[in-house]
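To keep things clear, I will list the structure first and then write my remarks on it.
We did not get these values from a lab; they are worked out from the coordinates using the rules stated. Note that the coordinates shown come from a computational prediction; the quantities given were computed from them, not determined experimentally. Positions of Cβ are backbone-derived with ideal geometry, glycine not excepted, and every protein chain shown enters the neighbour counts.
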Amino acid sequence: MSTERTLSIIKPDAMAKHIIGDIINRFEKNNLHVVAARMMHLSQSEAEQFYLVHHARPFYADLVSFMSSGPVLVMVLEGDDAIAKNRQIMGATNPKEALPGTIRADLAESIDHNAVHGSDAAETARHEIAFFFKPEELVG
Ligand code: GDP
């Protein structure tokens, strides 16, 4: 196992439900530690850039609109196998397919309002962390 960092975003649906404590508690119980955090309201342009990889997908416009519809909490999580572990804790993209006990199964409504984002690979994690944070903003 190696120590990794990954980007996590608590999305506008979960922010509106006031469940950030529940979500962060699930990370901390699984030894994923928050080493950077910022609450922000993404502009449409920031959301477009962040999800650029999906620009050709039919859901891109809805995704950008949703992610810029309200505040989000952007975090860097650190721990052993943080990238895969975070994906496990999140559950499948579609909450209806997510395993019981995962964030998306327990706390999300639908594939487009699915509570959390998490980087899916090492290169993506590096890119996504650098999108939001300067190296000196990470502690620990
Ligand atoms: P993730 O890594 O599990 O978040 O999933 P992806 O990177 O594949 O997709 C990014 C986000 O786009 C997902 O979290 C969903 O909110 C949204 N999304 C993905 N696939 C679909 C889809 O088929 N329909 C809709 N409406 N949204 C989708």
>> Which count do you get for residues in the stretch 1-27 that are of a type outside the set (Gly, Ala, Ser), buried (at least 16 other Cβ atoms within 10 Å of the Cβ) and not in a helix (DSSP H, G or I)?
In response: 8
>> For a quick check of your reading: which helices (runs of 4 or more DSSP H) sit entirely within the stretch 28-130 and have at least 3 residues that are among the small types (Gly, Ala, Ser), within 14 Å of the chain's Cα centre (by Cα) and away from the ligand (no atom under 11 Å from the Cβ)?
In response: none
> Taking the stretch 90-140 on its own, how many of its residues are farther than 13 Å from residue 26 by Cβ, surrounded by 13 or more Cβ atoms within 10 Å (Cβ to Cβ) and of a type in the set (D, E, K, R)?
Replying inline: 6
> Which members of the stretch 1-52 meet the condition of being of a type in the set (Asp, Glu) and free of Cβ contacts under 8 Å to residues at least 12 places away in the same chain?
Replying inline: 28
> Are any residues in the stretch 100-118 over 22 Å from residue 74 (Cβ atoms) and in contact with a Gly (Cβ under 6 Å, 6 or more places away or on another chain), and if so, which ones?
Replying inline: 105
